[in-house]
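Here is the structure we will look at, set down as C-alpha cells.
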Amino acid sequence: VKVALNESVLWKLDIETGASDCQLNLSNHKVEALQLQGGASKMDVKLGQPSGKSKIDIETGASQLVVMVPANAAVHLVTETGLTGTSIEGLTKQKDGAFTTASYSTDAKDFFKIRISAGVASIEVKTY
C-alpha cells in the first residue's frame, strides 16, 4: 500500500504492521507523534526536521529496523532491546545510556524523543 500525506499538516501517526516490508519516508513532513508497531518485519523510517517535541515510539518483534534522522536535528534516543544487533551512527551515548545528537539539549525547542523497543532485531539508527 502506498499512501501520500499532505506536507503542510502536523501529523500524529499510529501504524501497526504484521509481517511486512514497511518504508516510511517522512522527510518532508511535520510529525508530532509516530507510534509504529511491527511484528516480523523490515522497517525503514526516514524523518525530517522535528516540530516541537516530536515523540517517536517504535516497538518491534523479530525485525530489521533502520531509522534515519537529519544530521542537524536535535535527537534524544532510548533503546530497550532483547537479542539485537545495534548500530548507532551520528549520536553519542550519554551516561544514562541514552543517545543524543550534538544539537540536542533539554532546552531545545524542536527535537525528536525516540524510543525503540525491540525483541530479536537488527537496529540501525543513523543521520543523513
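Annotations
- Of all residues in the range 42-57, those satisfying the criterion of being out of contact with any Pro (no Cβ under 8 Å at 6 or more places or on another chain) and open to solvent by 30 Å² or more (accessible area, probe 1.4 Å) are Lys42, Asp44, Lys46, Ser51, Lys53, Lys55.
- Residues in the range 74-103 that are open to solvent by 50 Å² or more (accessible area, probe 1.4 Å), among the hydroxyl-bearing types (Ser, Thr, Tyr) and either assigned to a loop (DSSP other than H, G, I, E, B) or more than 23 Å from Ala40 (Cβ to Cβ) (or both): 2 in all.
- Ala71 under 21 Å from Gly18 (Cα atoms), open to solvent by 30 Å² or more (accessible area, probe 1.4 Å) and small (Gly, Ala, Ser): no
- Residues in the range 9-30 that are out of contact with any Lys or Arg (no Cβ under 8 Å at 6 or more places or on another chain) and farther than 13 Å from Thr60 by Cβ: Lys12, Leu13, Asp14, Gln23, Asn28, His29, Lys30.
- Residues of the range 1-36 satisfying the condition of being polar (S, T, N, Q) and touching a Ser or Thr at 6+ places or on another chain (Cβ under 7 Å): Thr17, Ser20
- Residues that are loosely packed, with under 10 Cβ neighbours inside 10 Å and within 19 Å of Ser54 (Cα to Cα), drawn from the range 1-24: Asn6, Ser8
The values are calculated or read from the model by the stated rules, or taken from the named source; none is laboratory data. Not measured: the values here are computed from a predicted model. Here Cβ is always computed from backbone atoms with ideal geometry, including for glycine, and neighbour counts include all displayed protein chains. We work out accessible area using only protein heavy atoms, side chains counted, and drop any ligands, DNA or RNA first. Shrake-Rupley method; radii C 1.70, N 1.55, O 1.52, S 1.80 Å.
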